[in-house]
Amino acid sequence: MKTKLSDHLRPLALATLLLGGAALAAPALAETPLDRVVAIVDNDVIMQSQFEERLDQVRKTIAQRGAEAPSEEVLRQQVLERLITENLQLQLAERSGIRITDEELNQAMATIAQRNNMSPEQFRAALARDGMDPQEAREQIRREMLISRVRQRRVAERIQISDQEVQNFLASDLGQLQLAEEYRLANILVAVPEAADSATIRRAEELAEQTYRQLQEGADFARLAVTRSASENALEGGDMGWRKAAQLPPPFDTLVRDMNVGDVTRPVRTPPGYILVKVLEKRGDESTVREEVQVRHILVKPTEIRSDSEARQLVERLHERLRAGEDFAGLARNFSEDPGSALNGGDLGWIDPNALVPEFREVMANTASGALSEPFRSPYGWHVLQVMGRRATDASDDVRKQQAVNLLRNRKFDEEVQSWLRQIRDEAFVDIKL
């Protein structure tokens, strides 16, 4: 079912169709002589027209959802507080120099249209049908993007995830569940009536065993599910969708962990009957192999007293000395201006190429193990490098740790946002005139 377009334009607040700001206040004063200030918020104001329009939108949204509205007094307080906190965030974005370019805005609108299976033209027409001015909707999206960006910048820096938190999460039942492998499964149920006698149970068991043998001999699981399964998903070939092992009843929760894609369990007796389960796909258990390169380099930087051309000439001379057989580590210690590696003879150790700037990464990729590169330029200056070796490492543990960090950060983010909003509200000058 498609969501109403206006629902995509309310990610920050209930019926957020207008955010406070001086840019909206001037037109309102010109068109509505009786408009007045309802709140002064630091260096900005919230106008009566903005407040009433937001109230109207909130009332409509509550009515559309069939929810019970709070009292008028409570509703007005909530809406005004929402406008105040949004206004404060927009002011912070402006003071921080945060901008949303037209290109970013166009991309955001195109994404919303795409989620609704519409072209940009159809999207604008649908906005009009919803009673929303396309230009105002565009500005609303810009404001919401500004608020999202200022939250990311101000709140993310307040969140710290310790190594101990990561280890505790990975060891917890919740962590193991959230990071566990997922299985796309299919099943065949050979039903056994509740009051079945022994002969009926035996016939069902024989049919289940016969089905298992046919599957082992190459029979199509989906076809047998359609013709023999009493499960509610029989007509879908028994497809159960994606499940985590912990979401399955015993003994399937342990059986699937040791199964490969294409494997089928032997028939298992359950209260409804005999069940066979097939693993159609698995995800989340893939090992992550990362290429690492051991490389060393010499860096010469242009300075106020050394031109870019002179830096290049120095690297070329060092390159000639290296080709003549001089010790790389010794020249790096004497000439390299990379403080992180010079004392180690220019050695960067085993490093992920993705951690390097593109210019360095490209030259390194095109240099054979043991070979010396030609002099080249990067944003840092002039280099010559030598590839010492290459290896593939299993980075699965690192990937799991990063997934845990992301989950913990997301969990803390929402809590930290509320704390941050209370802080900026307490620190702001707010004079309510309502």
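For Q122 and Q178, calculate 0.36 nm times their separation in residues minus their Cα-Cα distance, and state this gained length in nm to one decimal.
16.3 nm is the gain from fully extending Q122 to Q178.
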>> For the chain, set up a GNM with springs between Cα atoms under 10 Å and report which of I305, I84, I112 has the largest fluctuation.
In response: I305
> Using alpha carbon centroids, what distance separates the stretch 30-71 and the stretch 313-389, in Å?
Replying inline: 63
> So for the chain, what are the equivalent ellipsoid semi-axes in whole Å, largest first, each being the square root of 5 times an eigenvalue of the Cα gyration tensor?
Replying inline: 50, 48, 20
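Hey, with R₀ at 45 Å, roughly what FRET efficiency would K301 and D426 work out to, going by the Cβ-Cβ distance, to 0.05?
On the way: r = 47 Å, r/R0 = 1.05.
Approximately 0.45, to the nearest 0.05.
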> What is the spin-label model distance, in nm, from L215 to R409 if the labels are put 7 Å beyond Cα along the C-beta direction?
Replying inline: 4.2
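Per the helix-only calculation at 222 nm, which mean residue ellipticity applies to the chain, given -39500 (n - 2.57) for every DSSP H run of n ≥ 4 and division by its residues, nearest 500 deg cm²/dmol? Could the numbers behind the result be given before it?
On the way: 15 runs with 209 residues, N = 434.
Mean residue ellipticity at 222 nm (helix-derived): -15500 deg cm²/dmol.
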>> For the pair E94/L34, report the inter-label distance in nm, with labels modelled 7 Å from Cα in the Cβ direction.
In response: 2.8
>> Between E362 and V417, what's the calculated FRET efficiency when r is the beta-carbon distance and R0 is 60 Å? Round to 0.05.
In response: 0.90
>> So if I restrict to the alpha-carbon atoms in the stretch 292-398, what is the Rg, and what is Dmax, the biggest pairwise distance, in Å?
In response: 13.8, 48
> If you take the beta carbon distance between V289 and V261 as r and set R0 to 25 Å, what does 1/(1 + (r/R0)^6) give as a FRET efficiency, to the nearest 0.05?
Replying inline: 0.85
> Which of the aspartates and glutamates could a cross-linker bridge to K282, judged by Cα under 17 Å and excluding same-chain residues fewer than eight apart?
Replying inline: E181, E182, D239, D253, D258, D263
> With each pseudo-label sitting 7 Å past Cα toward Cβ, what's the E236-E206 distance in nm, one decimal?
Replying inline: 3.3
> Full extension from T393 to N43: what is 0.36 nm times the residue separation minus their Cα-Cα distance, to one decimal in nm?
Replying inline: 120.5 nm
> What residue among V150, V264, V387 shows peak mean-square fluctuation when the chain is described by a Gaussian network model with Cα springs under 10 Å?
Replying inline: V387
>> Taking 0.36 nm per residue of sequence separation and subtracting the Cα-Cα distance, how much length would be gained by fully extending the chain between A108 and R65, in nm to one decimal?
In response: 12.9 nm
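Bear in mind these aren't lab numbers, they're just calculated from the coordinates by the rules spelled out. Remember, predicted model here, so these are calculated numbers, not experimental data. For neighbour counting, all protein chains shown are included, and Cβ atoms are generated from backbone atoms with ideal geometry for every residue, glycine included.
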